[in-house]
Amino acid sequence: MKLPDELQKILLSAKEVVALTGAGISAESGIPTFRGEDGLWSKLKPEELASFDAFLRNPQLVSEWYEHRRHITRLSKPNPAHMSLVDMEKIFPHFTVVTQNIDNLHRRAGSRNVAELHGNIERNYCLGCGMRYDGEDFEGNESFRCKKCGGLIRPDIVWFGEMLPADQWNMAEEAASSADVMFVIGTSAVVYPAAELPVTVKRSGGKVVEVNVEETPLSRYADYSFQGPASKVLVEIVEQIKETRKVAKGG
Ligand code: BJW
Ligand code: ZN
């Protein structure tokens, strides 16, 4: 895959760059996506597991489901797509990862400027007294109850109908409104308000570059759309960015 000359030029002078990521970037690390044939929600109903009401209805079931997913994410490793974004952070003067993922893989890969819109599965807190259970392994506490007050412990993630953490959302919006380029990687781009961010970029005069294995509602709207697995496409993009910069420097 060769990047169009025009995009190479844009990337050469880009100062503010953002990557908006979704479950597809972690698919090659062995973490299931949500939608689609093999997605988590082809078998499970989101409203039965991914809402506060569902949690209150059946805290044990929901907590066990997240404990199972925590186990999978801990066994998984960042893949070349995550690593490509670590490279981009070194290339561009300002680079922000805005992720919808809760799997912590961007930070584990080494990305430092990360906004986590939907929380992080490694963090938990008690609904009764607020005590934190971050990085906790719930083995031996299979009731998922607080040691201090006996309250329910919930994952620090954003379920449907819940507000996004204001500081993370503000960071994402600021990055989007000043972005020269936003890469939108491995997301179906149907969950709001995250799906608004590429619109913010375009309204502010930036370019949107999509990377996905299939077409999404964003594909037509994006300035550039690359179809293929995120690891392969992003490694190629980073190689070409580095090459163009070397040539521009006269090396
Ligand atoms: C690859 C690949 C490879 C695969 N390489 N690509 C009507 C209209 C508009 C909005 C709403 C509405 N009704 C309700 C709402 C609001 C709602 C919403 O957006 N709903 C829509 C679904 C309609 N949003 C909210 O409720 C949000 N809060 C909010 O709006 O607050 C204000 C408010 C308050 C009170 C009342 C009302 C509003 C909160 C959203 C929280 C989302 N949470 C989840 C669950 C997190 C916990 C958990 O993990 O269990 O976050 S939902 C789920 O979807 C998860 C994801 O982060 C999110 C996005 O999914 P993502 O990442 O795009 O994954 P997939 O599976 O959809 O797509 C994967 C993609 O990868 C695919 O395109 C593949 O092709 C691709 N792919 N392999 C490249 N190798
Ligand atoms: Zn407590």
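At a glance:
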item: The stretch 113-178 - convex hull of the alpha-carbon atoms, volume per residue in Å³; result: 97
item: Backbone HN-Hα couplings from phi across the stretch 119-127 [Karplus 6.51/-1.76/1.60, Hz, Gly and Pro as x]; result: x, 8, 5, 7, 10, 9, 8, 7, 6
item: HN-Hα J in Hz across the stretch 218-231 - Karplus 6.51, -1.76, 1.60, θ = phi - 60°, x for Gly and Pro; result: 7, 3, 6, 7, 5, 6, 9, 9, 10, 9, x, x, 3, 4
item: Average Cα contact separation per residue, the chain, under 8 Å, 6 or more apart, as relative contact order %; result: 23
item: Other-chain or far-sequence residues with amide H under 5 Å of VAL181's (modelled H); result: GLU16, VAL18, LYS207
item: Radius, Kirkwood style, for the chain when every pair of distinct Cα atoms is counted (Å); result: 19.0
item: Ordering of 36-48, 226-238 by packing [mean C-beta count within 10 Å, highest first]; result: 226-238, 36-48
item: Whichever lysines have a C-alpha closer than 19 Å to that of LYS2, once near sequence neighbours (fewer than 8 apart) are set aside; result: LYS207, LYS232, LYS242, LYS246
item: From phi via Karplus (6.51, -1.76, 1.60), per-residue ³J(HN,Hα) for the stretch 170-177 in Hz, x at Gly/Pro; result: 4, 4, 5, 5, 4, 4, 5, 6
item: Separation of alpha-carbon centers, the stretch 1-30 and the stretch 157-198, rounded to whole Å; result: 16
item: Reference-scaled alpha-carbon Rg (2.2 N^0.38 Å with N residues) for the stretch 148-209; result: 1.44
item: Within straight-line cross-link reach of LYS45, lysines at Cα separation under 29 Å, skipping those fewer than 8 residues along the same chain; result: LYS77
item: Heavy-atom accessible surface of the chain: percent carbon and sulfur, 1.4 Å; result: 52
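The values are calculated or read from the model by the stated rules, or taken from the named source; none is laboratory data. In this text the structure is predicted, and so the values were computed from the model without any measurement. Every residue, glycine among them, receives a Cβ derived from its backbone with ideal geometry; neighbour counts consider all protein chains shown. Ligands, DNA and RNA are excluded from the accessible area calculation, which covers all protein heavy atoms including side chains. Shrake-Rupley method; radii C 1.70, N 1.55, O 1.52, S 1.80 Å.
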